[in-house]
1. Could you report the chain's accessible area per residue, 1.4 Å probe, as an integer in Å²?
2. What are the radius of gyration and Dmax of segment 73-167, computed over its Cα atoms and given in Å?
3. As I understand it, the value is the acute angle between the Cα axis of helix 3-17 and the longest principal axis of the Cα atoms of the chain; what does it come to in degrees, rounded to 10?
4. Out of the trypsin sites (Lys or Arg not before Pro) in segment 1-58, which ones are loop residues according to DSSP with at most 12 other C-beta atoms within 10 Å?
5. Describe numerically, in nm with one decimal, the distance between label points set 7 Å from Cα along Cα→Cβ at His24 and at His134.
6. Just report the Cα centroid separation between segment 27-53 and segment 136-167, whole Å.
7. If you take the Cα Rg of segment 1-58 and divide it by 2.2 N^0.38 Å, with N the number of residues, what do you get?
8. Kindly provide the trypsin sites (Lys or Arg not before Pro) of segment 127-167 that DSSP labels as loop, not H, G, I, E or B, and whose Cβ sees at most 16 other Cβ atoms within 10 Å.
Amino acid sequence: MAACLRFTRRVWKSFVENKGHDQHCFPNLKILDAKPGFLQASLKIEPYNLNRVGTVHGGLILSLTDTMGSLAVATKGQFLTGVSVDIGTSFVKPGGRVGDEMRMSAVVVGIGKSLAYTRVEFFNAAGQLAAYGHHTKYVGKSAGHENDVKFSEDGETVLEGKDLDVD
């Protein structure tokens, strides 16, 4: 497994272990792939993810825009992923129904000393674009954590920092 994927899964594990919002709303989020600046994940839709008409709730997708944007920042080697400054989501088609798998991808559009900009896309089980979002994060005080790493360009190896396995 590539170092970037291993690291990003470790950051996700820390979100879940915090027992906060992420762990309660989408504990079954699966990180499928991660390369520096890029992330793919999936989520099996559960009954608690639905709106009153039986499709994925828009609030779930907005919340996933937040989490996926944060995890995209993690693919750049940052263990702490900053705080939200701006976030938004546009809905194109229904995201799915119970039992469907919704896939998502996130990219880091830009990252500097203070701000990180991400874009997230969501695809329903038919492979159609269901929604897309943007997430701006203040990362000025989160860089430099003891668990931060620097990856090779392809994300296969850690060049600086500790390369730890995920349980």
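The values are calculated or read from the model by the stated rules, or taken from the named source; none is laboratory data. Please read these numbers as outputs of a predicted model, since none were measured by experiment. In this analysis, Cβ positions are derived from the backbone assuming ideal geometry, glycine residues included, and neighbour counts consider all displayed protein chains. Accessible surface areas use protein heavy atoms only, side chains included; no ligands, DNA or RNA. Shrake-Rupley method; radii C 1.70, N 1.55, O 1.52, S 1.80 Å.
1. Details: 8430 Å² over 167 residues.
For the chain, the solvent-accessible area averages 50 Å² per residue.
2. 15.9, 43
3. The helix 3-17 is inclined about 60 degrees to the chain.
4. Here the trypsin sites (Lys or Arg not before Pro) that fit, given the DSSP loop and packing criteria, are Lys19, Arg52.
5. With each label placed 7 Å out from Cα toward Cβ, I get 3.0 nm.
6. 22
7. Taking N as the residue count of segment 1-58, the ratio is 1.29.
8. On the way: sites: Lys137, Lys141, Lys150, Lys162; in loops: Lys141, Lys162.
Listed in order of number, the matching sites are Lys141, Lys162.
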